Each structure stands twice: as structure tokens, then as C-alpha cells.
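**Student:** Here you go, one structure.
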């Protein structure tokens with residue numbers, strides 16, 4: 001998750017976060033797990049990262065429009081998007097097809113597509 005008060009353009013992410021994103025997108029070269037853990041640890045120690053408690057229920061009709069969810073594969077991303085809305089933050093995602101209408105109060109400012 002990215003705090004709302006921080007810029008979220010890809011070019012302004014910490015270098016370790018960029019490497020993790022590049023690894024995910026390219027998928028070509030496997031990195032040792034220890035290397036990925038270190039990159040994640042480094043990225044989470046920046047002002048761009050904020051740990052949010054798991055405080056929503058996917059069953060909550062005040063947070064979710066279930067009729068706008070299209071598949072079970074979307075549940076995790078939509079849950080994280082709802083957390084971003086609740087915490088006034090942004091979710092960074094690769095999913096170009098995430099239905100904002102499935103999360104009550106979500107709009108484009110809550111989602112950063114990579």
C-alpha cells in the first residue's frame with residue numbers, strides 16, 4: 001500500500017520496489033528468495049510504506065458492492081482496494097481490469113496501475 005500523501009509515480013518508487021515490480025512484470029529471471037526478502041524488507045522501511053491492519057470483512061455490504069465483483073480471483077485485490085479507500089491511501093496494482101465500482105467509495109485516485 002502507498003500512503004496518499006506520497007507521490008506514487010513508478011519513477012519515484014524506491015529502487016528496491018522498482019526491481020520487485022520489474023521482476024514481476026518480466027518474470028524472466030528467477031531471483032533467490034533471500035534476495036527478494038531483502039528487497040521487500042528494504043522497501044517496507046521507506047516513507048512510501050505503511051502497514052495497515054486487516055480490519056475489513058469481504059462480506060461487509062457497506063464496503064463492497066458484491067454484484068460488481070466478477071470472479072473469485074478479484075477478491076484479494078478488491079479487499080486491498082477497500083483498505084486503501086478506508087485508510088485514504090492508494091493501492092498499486094498490475095490489474096488493469098479491477099472494477100472500482102465493486103468497492104464503495106473507490107475512485108481512480110485510490111488505484112495506481114503499473
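Read-outs: derived from the displayed coordinates by stated rules, not from any lab. This one's a predicted model, so the numbers in the text were calculated from it and none came from an experiment. Glycine also receives a Cβ, built like all others from the backbone with ideal geometry; neighbour counts cover every protein chain displayed.
**Student:** Could you sort 63-74, 102-113, 78-89 so that the peptide with the highest average Cβ count within 10 Å comes first and the rest follow in order?
**Tutor:** Highest to lowest by the protection proxy: 78-89, 102-113, 63-74.
**Student:** Now for a separate question. Sort 95, 60 by Cβ crowding within 10 Å, fewest neighbours at the top.
**Tutor:** Ascending Cβ contact count within 10 Å gives the list 60, 95.
**Student:** Moving to a separate point now. Report, in whole Å, the centroid distance computed from the Cα atoms of segment 30-52 and segment 67-106.
**Tutor:** About 22 Å separates the Cα centre of segment 30-52 from the one of segment 67-106.
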